[in-house]
1. For the range 34-48, which positions are modelled with pLDDT under 95 and either over 16 Å from Gly13 (Cα atoms) or surrounded by 17 or more Cβ atoms within 10 Å (Cβ to Cβ) (or both)?
2. What are the residues in the range 16-33 that are surrounded by 12 or more Cβ atoms within 10 Å (Cβ to Cβ) and under 24 Å from Lys62 (Cα atoms), if any?
3. Just the residues that are in contact with a Phe, Trp or Tyr (Cβ under 8 Å, 6 or more places away or on another chain) and either surrounded by fewer than 11 Cβ atoms within 10 Å (Cβ to Cβ) or of a type in the set (D, E, K, R) (or both), please, taken from the range 59-73.
4. Please specify each residue of the range 50-62 satisfying the condition of being under 18 Å from Val14 (Cβ atoms) and either in contact (Cβ under 8 Å) with a residue 12 or more places away in the chain or part of a helix (DSSP H, G or I) (or both).
5. Suppose we filter the range 1-49 for residues that are polar (S, T, N, Q), assigned to a loop (DSSP other than H, G, I, E, B) and in contact with an Asp or Glu (Cβ under 9 Å, 6 or more places away or on another chain); how many remain?
Amino acid sequence: MPDIKFEITESLGVLSENAKGWKKELNLVSWNERDSKYDIRDWSEGHEKLGKGVTLTGEEIKKLRDILNGIEL
């Protein structure tokens, strides 16, 4: 499997942290030198390792925001 290059272009916030110190974060990430997208995933300390996550375009994050705003929590 080829190496995947990534760069966190902006850290937007930490959603949670587990007992092992991994943090679930919302960031803007550039994958393989492409335009940055919104990304939610677990990261090890120092962002050396990453877990499975979801990457969203600007339009998708706006739709997600609208859906969440419509939910009574």
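1. Residue satisfying the conditions is Glu48 alone.
2. Here is the first cut: in the range 16-33, the residues surrounded by 12 or more Cβ atoms within 10 Å (Cβ to Cβ) are 17, 22-31.
Once the filter is applied, which keeps residues that are surrounded by 12 or more Cβ atoms within 10 Å (Cβ to Cβ) and under 24 Å from Lys62 (Cα atoms), the range 16-33 yields Lys23, Lys24, Glu25, Leu26, Asn27, Leu28, Val29, Ser30, Trp31.
3. Of the range 59-73, the ones in contact with a Phe, Trp or Tyr (Cβ under 8 Å, 6 or more places away or on another chain) are 60-61.
Residue satisfying the conditions is Glu60 alone.
4. Our first condition is that a residue be under 18 Å from Val14 (Cβ atoms); within the range 50-62, this holds for 50-56, 61.
Residues satisfying the conditions are Leu50, Gly51, Gly53, Val54, Thr55, Leu56, Ile61.
5. At the first step, the residues of the range 1-49 found to be polar (S, T, N, Q) are 9, 11, 16, 18, 27, 30, 32, 36, 44.
Filter once more, so that each one left must be assigned to a loop (DSSP other than H, G, I, E, B): 18, 32, 36, 44.
Still in the list and also in contact with an Asp or Glu (Cβ under 9 Å, 6 or more places away or on another chain): 18, 36.
The qualifying residues number 2.
The values are calculated or read from the model by the stated rules, or taken from the named source; none is laboratory data. The model shown is predicted, which means the values in this text are computed figures rather than measured ones. Cβ: placed from backbone, ideal geometry, glycine included. Neighbour counts: every protein chain shown.
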